[in-house]
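Structure, as structure tokens:
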Amino acid sequence: MKTLFLDCFSGISGDMTVGALVDLGVKPSTLEWELSKLDLGDFHMHFAREQRQQIEGVKFGIHEGATHTHAQDEPAHEHEHCCGHDHDHDHGPAHHEPAEPDHSHAHEHAHDHDQGTEVHDHEHKHHHHAHGRSHGQIRALIEASELSPFVKKHALGIFQRIAVAEGKIHGMPSADVTFHEVGALDSIADIVCACVGLEALGVEKVFVSSLHEGRGTIECAHGTFPLPAPATLEILVGIPLSQIDEPHELITPTGAAIVAEFGASFGPMPRMKSEKIGYGVGTRHLDSRPNVLRAVLGELVAE
């Protein structure tokens with residue numbers, strides 16, 4: 001059984017997840033093609049090989065607007081760009097295939113696409129956009145697209161988890177939640193591309209390491225909150241979580257929702273034969289550890 005183990009020793013965000021999947025072999029052109037199936041306007045993706053504490057991996061980012069540089073199938077040592085909607089695609093990618101922080105309504109943060117929820121000082125993210133979309137708008141966007149049934153099912157599931165958490169925190173039905181950070185282009189890209197990447201790699205089961213969050217605080221529209229961020233903690237209800245002596249947010253709401261959606265179990269790596277290892281790079285440079293997500297792709301081995 002094709003298995004993916006996500007080693008979240010420095011936490012997890014949407015863009016880190018996408019970066020790790022690209023480092024495992026998902027083609028940037030595949031992500032570009034699939035994301036172009038959503039009515040998101042012009043965008044361009046970039047993939048760079050970067051290091052954190054001398055560990056190298058892929059840093060993923062996406063921005064609004066067109067670019068004239070097309071992506072290659074492998075991430076470059078500098079940057080490679082993918083454009084969406086402003087190209088003439090004459091064919092789709094071949095696949096068989098399941099971010100600093102992202103947040104939703106309650107989070108009117110200035111995330112750094114890497115890690116964090118409200119106005120966090122994450123360094124796990126792309127560039128934020130001021131756009132917000134309601135949960136209903138995002139559902140309609142995904143449902144009306146030509147994305148695969150697998151990607152639609154799990155992308156909708158991830159957004160539903162975030163909406164339910166936000167709705168509970170703010171005392172409103174999940175259908176009425178308006179996403180700010182999570183409704184922006186970068187967060188939608190993180191979620192959809194994570195699902196596309198898992199499907200492209202043929203992953204049948206995802207295992208996740210024990211989850212650890214930092215001990216700092218975050219600033220949000222409602223004041224200062226201790227970590228874990230409210231939405232992150234709500235999304236991870238029922239999943240073991242502990243804190244470590246790191247004064248930064250390590251798990252973003254989007255990262256939490258991705259592992260809650262796909263994680264078959266949380267703990268040590270299962271008995272598996274690894275085939276390839278990939279690293280997704282976060283924005284922030286941490287002092288205590290390399291800010292990367294390690295992804296191990298392989299096959300389960302019978303006990």
What ranking of Asp42, Asp186 emerges when the number of other C-beta atoms within 10 Å of each C-beta is taken as an exposure proxy, fewest first?
Asp42, Asp186
Region 144-299: antiparallel DSSP beta bridges as a percent of all, rounded to 5
70
FRET E, pair His170, Gln51, Förster distance 35 Å, beta-carbon r, rounded to 0.05:
0.35
Sparse-neighbour loop sites [GluC sites (Glu not before Pro); region 144-251; at most 11 other C-beta within 10 Å; DSSP]:
Glu146
What is the set of long-range amide H partners of Ser134 at a cut-off below 5 Å, with H atoms built 1.01 Å from backbone N?
Phe179
Residue-by-residue Karplus 3J(HN,Hα) for region 37-43, coefficients 6.51, -1.76, 1.60, Hz, glycine and proline x
6, 9, 7, 10, x, 6, 8
Going by how many other Cβ atoms sit within 10 Å of their own, how do Lys168, Lys273 line up, fewest first?
Lys273, Lys168
Amide N proximity, region 240-269 versus Glu299 label position 7 Å along Cα-to-Cβ, cut-off under 20 Å:
269
Explain nothing, just compute: Karplus ³J(HN,Hα) = 6.51 cos²θ - 1.76 cosθ + 1.60, θ = phi - 60°, for every residue of region 57-62 in order, whole Hz, x for Gly and Pro.
x, 10, 9, 9, x, 8
Footprinting exposure proxy for Lys59, Lys152 (fewest neighbouring C-beta atoms within 10 Å first):
Lys152, Lys59
Test of understanding: what is the full-extension gain from Ser288 to Phe150, defined as 0.36 nm times their sequence separation minus their Cα-Cα distance?
45.9 nm
For the pair Ala140 and Met269, how long in nm is the line joining their label points, each one 7 Å along Cα→Cβ?
4.6
Over all directions, how big on average is the projection of the convex hull of the alpha-carbon atoms in region 226-291, in square nanometres?
5.7
Kindly rank 28-38, 13-23 from highest to lowest mean number of other beta carbons found within 10 Å of each residue.
13-23, 28-38
Where Rh is the Kirkwood radius over Cα pairs, Rg/Rh for region 185-303:
0.97
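Bear in mind these aren't lab numbers, they're just calculated from the coordinates by the rules spelled out. What you are looking at is a predicted structure, and each value in this text was computed from that prediction instead of being measured. Methodologically, a virtual Cβ is constructed for each residue, glycine included, from the backbone with ideal geometry; neighbour enumeration extends over all protein chains shown.
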